[in-house]
Structure formats: structure tokens, C-alpha cells
1. Per DSSP H run of at least 4 residues, take -39500 (n - 2.57); add these up for the chain, divide by its residues and hand me the 222 nm value, nearest 500 deg cm²/dmol.
2. I want to check a number: in the chain, how many lysine pairs have alpha carbons closer than 30 Å, given a sequence separation of 8 or more or different chains?
3. Scattering from the C-alpha atoms of the chain alone, worked out with Debye: what is log10 I(q)/I(0) at q = 0.14 1/Å?
4. Compute the helix-to-body angle for 9-20: its Cα long axis versus the longest principal axis of the chain, expressed 0 to 90° and rounded to tens.
5. How big is the antiparallel share of DSSP beta bridges in the range 111-246, given as a percent to the nearest 5?
6. If you take every residue apart from P182 with its C-beta less than 12 Å away from the C-beta of P182, what net charge results, scoring Lys and Arg +1 and Asp and Glu -1?
7. State the Cα centre-to-centre distance between the range 89-143 and the range 186-216 in whole Å.
8. How charged is the neighbourhood of L105? Take every other residue with its Cβ under 11 Å from the Cβ of L105, and add Lys/Arg as +1 and Asp/Glu as -1.
Amino acid sequence: YEEGTTPHFENIFLGRCFEHGCLSCTDENKMADCQNIYNAFLDAVLSAPNCELDDNAYDTFISMVAPNLPEDMTAFWSGTYDIAHELSSITRDFYTMEDSFMGYLVDGLNWCGNADQTGLGFLECPSWDYDKCYGQATSVFWNKASATIAAQARGEVSVVLNGDTTEGAFRDSSFFARVEAPNLDPAKVTKANILLVHELGSIPYETCDEPITLINLWSLLEEKGIEYSCTDNPEYVFTLFTLHVR
Ligand code: NAD
Ligand code: CXR
């Protein structure tokens, strides 16, 4: 078991909803109906006992908040949470899941239903180990949210990957490898620009010139007929790192 639902979950969810304020801030600025959106989310969490949520449990909720990001503006990340979000806020070149209304509402929160499915479980939540708890509330959500954001991407996409981790930049078990990359639609996505990030002074695990797990991503993209580029620490990533050092 893991820690329980984040304290004040409903207030945080509603507060984020009112703050973000519109169903998709890149579309027309329509005030979101936050209480209905929250109710749809809670219905999904309580739709079945813990670990037994159906893959489609959040469909109604997701249909209310699904992103439709501008062409060339969708970004994915794996093993690079901090740098990917710093880049998205600084460069404005792309949006991540967590910049979208759908991801913003619950990013960084934990949640699950209580034992009798009457409300959220604040004492403990089941672990997200797929073998122990397949239909776990957060896993089911992030799987569907990842498939949804990948399927809407069009034009060029950005992918911020970690070139230093010994698990590899394209780790098989990651959401990016399992769900997002396979759900890119070749009819809509023309190119994937891979930004391979390395900490300053680190010993890289793999690079664009000496790829290890990246080869698997490239093969997948080739099979789909999606072009790609790969850049180790692009100039603007490097600039961001030097800002951190100061
Ligand atoms: P990653 O390994 O860096 O992990 C991403 C995040 O997922 C981590 O913050 C971790 O806390 C959380 N996580 C890992 N396993 C989980 C599980 N079974 N259930 C719930 N949360 C879990 O990178 P990744 O796996 O490739 O995922 C990143 C990509 O997938 C992004 O492109 C993003 O669009 C999407 N995603 C985001 C989140 C999030 O918490 N914001 C979670 C899952 C997936
Ligand atoms: O510290 P984070 O995970 O970023 O955790 C984000 C949130 C936490 O608040 C926690 O409540 O996600 C929840 N969480 C789990 N429920 C969980 N279950 C198993 C976080 N990690 C969990 N694990 C395992 O622990 C995952 O396999 C993961 C590791 C912690 O990951 P990370 O430090 O990124 O690999």
C-alpha cells in the first residue's frame, strides 16, 4: 500500500479547475463547469472497487476535458519531469500533458476510492504495480490520458527524454513507450523531434550518436512512417541548465 488520497483533493481539483477556467485554454475561453467535471471524475474513481477499474472508467470525464492542442505544440516527456516543464513554460514552444486542462487538474495528486466505494480513500491507496493492482485509479487515469493526448497530436511533436538514466531514454515500461508513442497517429503526426537531455558534467548513458534504447523508438517511428530528429542538449536546454547553476 501507498499513501492515501492527497488531503483536500476535491478542493485542490476544484481550485485548479476554476483557476485554469476554461475547457481548453487554447480553444475559445469557455468557463468550465467545475462541479460537473469533478462529479464525472469521482464517478470514475468509484465506478468499481480499487484495482478493478475498467480501462474506460474515465471516458466521460475525459470527454469533458480532452485537449485539442495547436499543430506542432504537443510534447511528451519521460524521466524528465522537471526540465520538460521548465522548457514548456519558458520556451512556449510546446505544451505537455500537465499544461493541458486534463493533466493540470490532477498532476502530482494521488487518489483512490475507499473500501465501500462511498468516497475517496484518505488512509491508503493500493500500489500501482500492475501485477498487484491492474485497475488502480491513478494508473487507469494516466494510461487513458496518455493515449488521449497522443492521439490528438498533429504536425511535429517534441519528446524530451533522459539521456543519462541507466534505465534508458526509451524505457519499455514507461507511459511514453507503452502508451504515447504507439498512439501517435501517422496520418496527423509528421515528425518527432527528440530532445535528449543530459545533466551538465554527467556521464551520458546514451546519445543521439551512440543510441541504446533510442533505437527502439526510432524503429517504431520508422514503422509508422513518422520522420524524426534527435538532438543532444539543444542550445536552449543548455541555457536553462546554466541558469540553474547560478
Ligand atoms: P516517467 O517514468 O518519468 O514517469 C512519469 C510520472 O508518472 C512520474 O511522475 C510518476 O510519478 C508517475 N507514474 C509512474 N507510474 C505510474 C503509475 N503506474 N500510475 C500513476 N502514476 C505513475 O515517464 P513516463 O512513464 O514516460 O510518463 C510520462 C509521459 O506520460 C508524459 O509524456 C505524460 O504525458 C504522461 N504521464 C504523465 C503523468 C503525470 O503524473 N503527470 C503520469 C503518467 C503519464
Ligand atoms: O515521488 P513520485 O514517484 O514522483 O510520486 C508521485 C506520486 C506520489 O505522491 C505517490 O502518491 O505518485 C504516487 N506514487 C505511487 N502511488 C506509487 N506506487 C508505486 C508514486 N510512486 C509509486 N510507486 C513506485 O515508486 C513507482 O514504480 C515509481 C516509484 C516512485 O517513483 P517517483 O519517485 O517518480 O517508480
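Read the figures in this text as sums done on the coordinates, not as results from a lab. This structure is a prediction, so every number in the text was calculated from the model and none was measured. Cβ: placed from backbone, ideal geometry, glycine included. Neighbour counts: every protein chain shown.
1. -10000 deg cm²/dmol
2. So the count of such lysine pairs works out to 8.
3. -0.98
4. Approximately 60 degrees, to the nearest 10.
5. Given both bridge residues lie in the range 111-246, the antiparallel proportion sits at roughly 5 percent.
6. -2
7. The two parts, judged by their Cα centres, are 27 Å apart.
8. Charge balance near L105 sits at -2.
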